[in-house]
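Visitor: Questions regarding the structure given below will be posed in turn.
Read-outs: derived from the displayed coordinates by stated rules, not from any lab. This is a predicted model, so every value here is computed, not measured. Cβ placement follows ideal geometry from the backbone for every residue including glycine, while neighbour counts extend to all protein chains displayed.
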């Protein structure tokens, strides 16, 4: 037992940093749990200080002063196995052999976010045959039920969050655990926070088979959870800090979530001191005032000092040691916790950042509301949206680099990636900085960036002759929009082929993107562009100098956006469905069938639809250019894949696109190569469609009309679709059928297959080349190459690039939304606002009758009851 700090020091050795280990001891004679802090350790891959598990057990007995009178019957470790969006996934692990000690310190190194590691020891009176502890013959992780909890807290309510992990080089999906069902767990996906694979141990995450791990038997099963029993621990009840703070005992820990202080206690730096004092005060629901704060000292007093409370602390810098040391401390608090608000003064974004760092590291796309819930579960106070948002931005900066420095590094990345792979296109546009009426030659503002990679350019030559364009907003410290161009291969795989970072969606930004897209990526004649009806896109595509006018290129509207605009004028699901059916009709007869229904329902619907050119929103008039694609959903799907990158600094964002595309090309390239090697002539998507058409073609009557075997009529004995004409004309030479599927999808419909069977022709000769497996393989034939490390990037001699201060989000209040609303978002003039809950007009969410019946309202009432009970 250390005379200075009163803690157990176990030296084993692990990378020059202290690790807090809480040891919980239960005697066999009575239930007495003691908190003993074990501070670790320096490890140079040398275990001279602690070579065996027996040494650890003997050390525990000696520090407790019970060596020779008691022995360690069981010793468990609460082992972290994964970091997920809701916290840290734990299980229990028996420390029985020397190999288990190495597993313990492997976890310490793999999870640096966890500042407190917990051991559980059960003691019994007497000594074993070896004089140390009872023997264990094997080290297993018994089937204790796994539990999901934050890094240093025993409990965290489940909160919804995506599990997409943002990675600059590859995509790692961290499996999430559903707390409601402990049986749902995927142990092969255990990933350490530093990217390493942790050893999977059989039994982790299994259903709970431990009713009482404290019972006096010889079972090898571990307790499900190891819970602190000290009065200052609020883990079992996150709102306990609203009670009195005078129940602190004399035990102390260094750092961690249950920090208490004593004279002589040391900290690495001032930031750690400030964070520990804030953490201490928040968990007890008390506030303090800063008396002195500079580069040499830090002095605080309780806000009620002199009014019944004597708590104060003074920490000063020890120049010789380079550490901060507690020089004076009066504690504990003798006042009552007076905070009754939902927020705490000392709960600033710096404290929140330290707690949410594991969540942001595991998932950069974690929402601010999830972080608010996680902070509330940990501290019992719910921070404002602004605080949580600022904390997330600070966490992202700590993980992926500073936001401002990222703009400075962008030119070096461009030079580095161009030296890595020849043919990479990067177009950077900056704006000048004016100082006192003169242009600053040394510094420029970032304005726009366009980039694409050679494998993407080559891939589009073997894809369907259409491109979908869309934009997704950035959610970081600086506003902006990421514009995307999406292609699709014959097997329905989608991937981005070009990117642009711009200030927002407007005519100038779309012109910058589409002109570079046309010049560098899609110079082919006759391609189709699918987009929404944004006025900026319309202006660019209709300009003579851009090269997007027919017959070089064609435009089509996304029917989802058209239907959204339509629904603003004509209410009701039936009206919208009729318009969508009209757009999807592949024949003129089916189109006018639905159009007549619309006219009967409301003639104004037809007048609204007639204001758009038919070839831009109907399938039967597009001459087969759409390949059956009516919406920009493929773009929105890619938006979800790249969602994690929207929260990153600019250089990290651009780097991530390179890594994600490289992984996509590897996966889909290997799949295409395997299918091609298996002898598959066509891709799987086409094979399924052809199988369906072959089944339908067996109930037709075919009549040949020319000796060249190209013109036929097919009569259906049984209707094959919801809209049947009964008899169809088929021209194999022109690849046409009256049903419209042949010319719209570019592969034989069921009627064409029946004609091929009648004339003993091979239907494969009438399939578009894009569906052939050889063509799909050519899409991913060109490989990416590993990028050079950041330290080897070439130097950049141009002006320093900095972010435009006008693009920074609001420093005060709630961050402003960056979505630019289009025509589909604009409501009618003088239209009353609708409630956000029931969607009825005449009232708002605040005074809605349904609010008291919602789950959130019930949870809020329950929360207030808990506070009153405590």
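Visitor: Order of 318, 386 from fewest to most other C-beta atoms within 10 Å?
Guide: Final ranking by Cβ density, sparse to dense: 318, 386.
Visitor: Assuming a ≥ b ≥ c are the square roots of the Cα gyration tensor eigenvalues, decide whether region 708-752 counts as rounded (a/c under 1.5), prolate (otherwise, with a/b larger than b/c) or oblate.
Guide: It is oblate, given that a/c is not under 1.5 and a/b is not larger than b/c.
Visitor: In what sequence do 429, 303, 78 fall when counting other Cβ within 10 Å, fewest first?
Guide: The most exposed by this proxy come first: 429, 303, 78.
Visitor: A further question follows. Extension gain residue 262-residue 806, at 0.36 nm per residue separation less the Cα-Cα distance, in nm?
Guide: Working it through step by step, the gained length comes to 191.1 nm.
Visitor: Here's another thing I want to ask about it. If R0 is 60 Å, what FRET efficiency do you get for residue 593 and residue 342 from their C-beta distance, rounded to 0.05?
Guide: 0.55
Visitor: Once you place label points 7 Å from the Cα toward the Cβ at residue 604 and residue 846, how far apart are they in nm?
Guide: Using points 7 Å along Cα→Cβ, the separation is 3.3 nm.
Visitor: With both bridge residues required to lie in region 302-391, what share of the DSSP beta bridges run antiparallel, to the nearest 5%?
Guide: For region 302-391, the DSSP antiparallel bridge percentage is about 90.
Visitor: Once both labels are modelled 7 Å past Cα along the beta-carbon direction, what's the residue 641-residue 701 spacing in nm?
Guide: The modelled label-to-label distance comes out at 4.9 nm.
Visitor: Tell me, 695, 518 in order of fewest to most beta-carbon neighbours within 10 Å?
Guide: 695, 518
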